[in-house]
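Report on the structure given below.
The values are calculated or read from the model by the stated rules, or taken from the named source; none is laboratory data. Since the model is a prediction, treat every value here as computed from it, not as a measurement. Virtual Cβ from ideal backbone geometry, glycine too; neighbours counted across all protein chains shown.
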Amino acid sequence: MPVLPGLVDTHVHINEPGRTDWEGFWTATRAAAAGGVTTLVDMPLNSVPATTSVEGLRAKLAAAGGQCWVDVGFWGGVVPGNTAEIEPLLKEGVLGFKCFLTPSGVDEFPHVTEADLRQALPELARPGAVLLVHAELPALLKPISGNPLDYRNYLNSRPRSAEHEAIALMIRCSRTFGARVHIVHLASADAIPMIRQARAEGLPLTVETCPHYLTFASEDIAQGATEFKCAPPIRERENRERLWTALEEGVIDMVATDHSPCPPGMKSGDFGGAWGGIASLQLSLAIMWKHCLGRLSACPTWMSRAPAKLAGLQRRKGAIAPGLDADIAVWNPVGKLAELQHRHKLTPYRPQDFPGAVEATFLRGQKIYERGHFASAPQGAIL
Ligand SMILES: [Zn+2]
């Protein structure tokens with residue numbers, strides 16, 4: 001059976017404390033262990049309080065205590081007016097920061113404008129902290145027009161141009177301030193040339209995409225199938241194929257899940273009202289294995305090494321190598337996917353579609369998961 005470095009997922013919304021009924025540390029980290037993910041980094045929003053202050057981080061740490069089946073790190077949040085929190089949050093151990101350029105969906109985490117970025121970026125650039133960016137510009141988003149049950153109308157409301165203008169803004173900001181910028185969940189392949197050019201220029205820009213953008217196509221999404229709703233939206237089939245090419249060429253650095261569940265009731269209704277978020281933390285390796293058709297050799301780069309480096313964890317995580325933590329996922333190409341451990345099982349993926357499953361997961365040399373069974377107690381650490 002293939003043996004891989006434990007996966008590092010740098011885009012996970014745990015939502016505890018405050019919205020623990022959406023997803024919590026216990027269920028998310030068990031799902032991670034069952035999916036071969038040995039390190040995850042929690043996003044600073046959807047929990048209450050948000051991780052935009054030292055107080056917010058301490059609430060997270062208190063909530064996580066004794067509940068983590070894998071190692072967990074935290075991103076801090078950049079929101080309007082919290083520039084003074086950046087340095088204290090770094091001192092308290094956040095691995096970097098996240099901001100939104102468009103409304104995030106929750107009131108506790110407002111989006112930033114270019115003026116806010118101009119305040120925050122020097123504070124981030126000085127210590128070399130990375131800024132993760134949800135890159136869509138609100139001025140280019142539109143209300144859904146037409147039937148809100150029709151996915152095409154949702155897709156049209158969040159055009160590619162909203163991503164492009166946001167990424168262009170972040171490239172300019174990176175150039176001006178010398179700041180490390182990471183574009184989360186790239187959905188539009190039309191931005192690839194711009195990203196390629198920025199990197200040729202030597203700007204410290206990295207990019208991730210998600211399994212759902214590499215798997216689904218807007219043409220196939222049925223009327224009212226709101227389990228597919230996420231932002232930016234899943235785009236057309238031809239776009240998906242170009243994302244794959246960019247990933248294979250290394251222009252897209254990594255794959256992270258953006259695991260962002262909510263109670264199933266919030267996913268019902270139409271594409272306007274439903275919560276945007278897709279649960280896939282436990283499934284990411286199975287998804288990638290299926291699409292890579294056995295070329296599992298690329299997955300450690302996209303799903304372990306590059307994300308570990310993004311989070312500054314490369315001296316401990318991201319590879320099987322002397323001196324690093326012995327975090328290991330054992331893949332069984334004919335294994336059967338175990339029961340989902342996510343708090344809510346709703347996902348657009350159909351588990352029966354996946355050949356193969358994680359056979360066993362080791363965290364710092366200890367077996368924490370094997371074929372649906374877990375170790376006797378959680379052994380995850382806070383990073
Ligand atoms: Zn997210």
In this structure, is L61 in contact with a Gly (Cβ under 8 Å, 6 or more places away or on another chain) and closer than 24 Å to P110 by Cβ?
-> no
List the strands (runs of 3 or more DSSP E) that sit entirely inside region 323-383 and contain at least 1 residues that are surrounded by fewer than 18 Cβ atoms within 10 Å (Cβ to Cβ) and among the polar types (S, T, N, Q).
-> 328-332, 366-370
Hey, can you tell me all the residues within region 197-224 that are surrounded by fewer than 15 Cβ atoms within 10 Å (Cβ to Cβ) and within 29 Å of R152 (Cα to Cα)?
-> E219, D220, A222, Q223
Looking only at region 230-273, which residues are assigned to a loop (DSSP other than H, G, I, E, B) and within 16 Å of the ligand (Cβ to nearest atom)?
-> C230, A231, P232, P233, I234, A256, T257, D258, S260, P261, C262
Would you mention how many residues in region 58-92 are under 23 Å from Q366 (Cβ atoms) and surrounded by fewer than 21 Cβ atoms within 10 Å (Cβ to Cβ)?
-> 4
Residues of region 277-325 satisfying the condition of being among the aromatic types (F, W, Y) and within 14 Å of E208 (Cβ to Cβ) | W302
Quick one: in region 141-180, which of the residues that are over 23 Å from I221 (Cα atoms) and of a type in the set (K, R) is surrounded by the most Cβ atoms within 10 Å (Cβ to Cβ)?
-> R180
Going by the conditions given, is I183 within 16 Å of the ligand (Cβ to nearest atom), at pLDDT 95 or above and either buried (at least 19 other Cβ atoms within 10 Å of the Cβ) or more than 20 Å from R242 (Cβ to Cβ) (or both)?
-> yes
Which strands (runs of 3 or more DSSP E) does region 21-101 wholly contain that include 3 or more residues that are touching a residue at least 60 places away in the same chain (Cβ under 8 Å) and under 22 Å from M303 (Cβ atoms)?
-> 37-42, 71-74
Taking the options T39, T29, T51, name whichever one is within 19 Å of the chain's Cα centre (by Cα), within 16 Å of the ligand (Cβ to nearest atom), surrounded by 24 or more Cβ atoms within 10 Å (Cβ to Cβ) and not aliphatic (A, V, I, L, M).
-> T51
